[in-house]
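Enquirer: Sending over a structure as structure tokens; questions will come in a sec.
The values are calculated or read from the model by the stated rules, or taken from the named source; none is laboratory data. It should be emphasised that the depicted structure is a prediction, and the values quoted were computed from it without experimental measurement. Cβ placement follows ideal geometry from the backbone for every residue including glycine, while neighbour counts extend to all protein chains displayed. Heads up: the accessible areas ignore ligands, DNA and RNA and are worked out on the full protein's heavy atoms, side chains in. Shrake-Rupley method; radii C 1.70, N 1.55, O 1.52, S 1.80 Å.
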Amino acid sequence: INTPAEYLSERYFSCPVCKKSFRSTVADATSLTAFQTDDDYRKHYSEFEPILYDVISCPNCWYSALREYFNEGLATEYLFNKTVQPYKATLSFVFDKAPDINGIFMAYYFALLCAESCFVNGKYVITGKLWLRLAWLYKDCGDAEMESYAITKAYEAFTEAYAMSQLDGKQLQPMLILAGVLSHSVG
């Protein structure tokens, strides 16, 4: 994946699970020019796709989350390791400045695992955002079946968020519009 270096930077993060510090590459979407916004709020940029860098993953314990939620994880190391350890024993997770698409998908799926074990408040909103971004990635890869599956999972998560009243007033209206768009997409 070729990404112009001027839109990337390295930032320091402190893992809320293992407490270790590390550097991760992040995209600066504020310096990009959006040329289109889809009904599901996806912005398209002419320079490159910043969602490739939206998930931050700790190289020590593999805790992963969307960048805006990374510091909000609440899991104890024991609970987290109980969830992630079976995967660490059988998978290889490469933490690279320029990840390949498999590494990007792996980061997103670990973020989904972490959303289940590390978040209480807003878990369904976070899960919905992850599934929605996965749908966008699958669309970009031309995998219509997985795109449809991810859209269905995003719709379910946002519907659950609404039912569980996990949204404040300013989040409610755009989320309901998004849920309507996703509802249409899943039929």
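Enquirer: What residue, among those in segment 35-69 that are open to solvent by 50 Å² or more (accessible area, probe 1.4 Å) and not in a loop (DSSP other than H, G, I, E, B), is nearest to Asn81 (Cα to Cα)?
Expert: So, considering only residues that are open to solvent by 50 Å² or more (accessible area, probe 1.4 Å) and not in a loop (DSSP other than H, G, I, E, B), the one nearest to Asn81 (Cα to Cα) is Arg67.
Enquirer: Kindly check whether there is at least one residue in segment 95-118 that is more than 19 Å from Pro50 (Cα to Cα) and of a type in the set (Phe, Trp, Tyr).
Expert: no
Enquirer: Scan segment 2-34 for residues that are among the hydrophobic types (A, V, I, L, M, F, W, C) and surrounded by 13 or more Cβ atoms within 10 Å (Cβ to Cβ) and jot them down.
Expert: Hits for segment 2-34 are Leu8, Phe13, Cys15, Val17, Cys18, Phe22, Val26, Ala27, Ala29, Leu32.
Enquirer: Let me ask something additional. Taking the condition surrounded by fewer than 20 Cβ atoms within 10 Å (Cβ to Cβ), over 16 Å from the mean Cα position of the chain (by Cα) and in a helix (DSSP H, G or I), does Val120 pass?
Expert: no
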